[in-house]
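Asker: I have a structure here, written as structure tokens, and I will follow up with some questions on it.
Taken together, the values in this text are just the output of simple stated rules run on the coordinates, not laboratory data. Here the structure is a predicted model, which is why all the values come from computation and not from measurement. Note: ideal-geometry Cβ built from the backbone for every residue, glycine included; neighbour counts use all protein chains shown.
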Amino acid sequence: MKIDDVLTIHNRLNPKFWSGDQLNNEVLLKLQSVAQDFFENLGLDDIDFDDITFTGSLANFNYTKYSDIDLHILIDFNQVDENEDLVREYFSGKSSGWNNKHKILIFGYEIELYVQNSNEPHHSTGVYSVANKDWIKKPERQNPEIDLNMVKRKVKSFIDMIDRAEDLYDVKKYLEAHNFSKKLIDKIKKFRQSGLEDKGEYSYENLTFKYLR
């Protein structure tokens, strides 16, 4: 396992996307177009988005060849329905379907679209408003201390569980494999979120997630 596969700290933002700290206008227009197209297909009458943000490693110094273009559309879930869990599940299904159906690349990096509740905090250290053409949170280069042994142990643990799901499928225990996989997905998501909330992008939980992805 190479830590460079999930963590490389560069001295500057990706020059294909950024000129200094200003987003390439070609990239900006493409991200605006993709987000607008997705939003219009949601069919939300009388509801508008609050912002469109570009975040993640490509809006920071820790990008790698495996990075995605994390494009977030911020919507106040309460404006859609008071049941936020239901709204979140709806948007999750819509964005997942869109991401699976489309493969839009910019300079070889794939756009990963996500609908974020405007009222929830975002833990990335680099967040750029595509709608307002300015930084919400400007990244600073860091030299984090990484517990690589912990990352390796957690990766191996999750790989073992993934293998367990595949074994169940191979012996045609389809329902059991399905249920096990759903629980595993939730486990990995919560594991990553706990790391982001505690120590941010460089937590071993988030690096484990990135390696598995």
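Asker: Which of Leu58, Leu74, Leu44 ends up with the largest GNM mean-square fluctuation for the chain, with Cα atoms connected below 10 Å?
Answerer: Leu44
Asker: While we're on this one: Figure the gain on full extension for Glu197 and Leu148 (residue separation times 0.36 nm, minus the Cα-Cα span) and round it to one decimal in nm.
Answerer: That works out to 15.7 nm of additional length.
Asker: From zero outward in steps of 5 Å, how is the percent of C-alpha pairs of region 109-213 spread across the bins?
Answerer: 2, 10, 15, 19, 16, 15, 10, 6, 4, 2, 0
Asker: Structure shown: which of Lys30/Lys199; Lys94/Lys199; Lys152/Lys183; Lys101/Lys137; Lys16/Lys210; Lys94/Lys173 lie over 27 Å apart, alpha-carbon to alpha-carbon?
Answerer: Distance filter (> 27 Å) returns Lys30/Lys199; Lys94/Lys199; Lys101/Lys137; Lys94/Lys173.
Asker: Which FRET efficiency value, to the nearest 0.05, is calculated for Lys138 and Asn100 with the Förster distance at 35 angstrom and r the Cβ-Cβ distance?
Answerer: It comes out at approximately 0.60.
Asker: In Å, the Kirkwood hydrodynamic radius of region 44-151 over pairs of distinct alpha carbons?
Answerer: When all Cα pairs of region 44-151 are included, the Kirkwood radius is 15.4 Å.
Asker: Using only Cα atoms, what is the ratio of the radius of gyration of the chain to 2.2 N^0.38 Å?
Answerer: 1.08
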